[in-house]
1. Normalised by the empirical 2.2 N^0.38 Å for globular proteins, what value does the Cα Rg of the chain take?
2. Which net charge results when you count Lys and Arg as +1 and Asp and Glu as -1 among the other residues whose beta-carbon is under 15 Å from that of Leu40?
3. Run lengths n ≥ 4 of DSSP H only: what is the helix-derived mean residue ellipticity at 222 nm for the chain, with -39500 (n - 2.57) per run over all residues, to the nearest 500?
4. Express the relative contact order of the chain as a whole percentage, based on alpha carbon pairs under 8 Å and six or more residues apart in sequence.
5. Select from the range 81-154 those trypsin sites (Lys or Arg not before Pro) which occupy a DSSP coil region and have at most 14 other Cβ atoms within 10 Å, ordered by residue number.
6. If each residue of separation counts as 0.36 nm, what is the full-extension length gain between Glu111 and Val26 once their alpha-carbon separation is subtracted?
7. Any chance you could run the full-extension gain for Ala145 through Asp61? It's 0.36 nm times the residue separation minus the Cα-Cα distance, nm to one decimal.
8. Under a Cβ-only charge scheme (Lys and Arg +1, Asp and Glu -1), can you give me the dipole magnitude of the chain about the Cα centre, in debye to the nearest 20?
Amino acid sequence: MAGTQTTKAASAPQPHKAPPSLLYMVKQVELVVRSHLDELVKPSGITALQYTALTVLERHDGLSAAQLARDSFVTAQSIADLVRSLETRGLIRRERNPRNRRELLILLTAEGRELLDRHAGPVRELEERMVRELTAHQAEQLRIALSKAWHALS
């Protein structure tokens, strides 16, 4: 009789585990991307966060510190240190906003653009590796879905 109960217990279906939440999965992807990105840009003496700020300026040059912080996913307090570090390295420069002399605008320098150019290939390869198992259509759908998710929470 004891053997029968063991067999029944062993063959009993296991409770179904819920899949990880989307929030958890997005965070996992963010952490692994940031880790790989840190390794890619480390030889240039910058971090993934600094690289992100430079790419934001590449798309929208001449931002205020507050806007750069928002678009780079860092706090207003931490952007000051980040900007100071990038400026010291000669990767960005600050100049007065001609429409609002109290505001400083942050712009990429030629050196900053050169750094981004040097890393463009390896960063593109990282992204391609991330979506390698997806079709082009699935990758585009992922881009659209992530954009919608970001807008829903912004």
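Since every read-out is calculated from the coordinates, none of them should be taken as a lab result. Given the structure is predicted, the values throughout are model-derived calculations rather than measurements. Positions of Cβ are backbone-derived with ideal geometry, glycine not excepted, and every protein chain shown enters the neighbour counts.
1. Values: Rg = 22.7 Å, N = 154, 2.2 N^0.38 = 14.9 Å.
Ratio of Cα Rg to 2.2 N^0.38 Å: 1.52.
2. On the way: positive: Arg34, Lys42, Arg118, Arg124, Arg129; negative: Asp38, Glu39, Asp117, Glu125, Glu127, Glu128.
Combined, the nearby Lys, Arg, Asp and Glu give -1.
3. Working: 7 runs with 102 residues, N = 154.
Mean residue ellipticity at 222 nm (helix-derived): -21500 deg cm²/dmol.
4. Numbers: 104 pairs, mean separation 26.7, N = 154.
Relative contact order for the chain comes out at 17 percent.
5. Values: sites: Arg84, Arg89, Arg93, Arg94, Arg96, Arg99, Arg101, Arg102, Arg113, Arg118, Arg124, Arg129, Arg132, Arg143, Lys148; in loops: Arg89, Arg99, Arg132.
Filter output for the range 81-154: Arg99, Arg132.
6. Values: separation 85, 0.36 × 85 = 30.60 nm, distance 3.27 nm.
Stretched out fully, the Glu111 to Val26 stretch lengthens by 27.3 nm.
7. Values: separation 84, 0.36 × 84 = 30.24 nm, distance 2.65 nm.
The span from Ala145 to Asp61 would gain 27.6 nm if fully extended.
8. Numbers: 22 positive and 18 negative charges, 89 e Å.
I would put it at about 420 debye.
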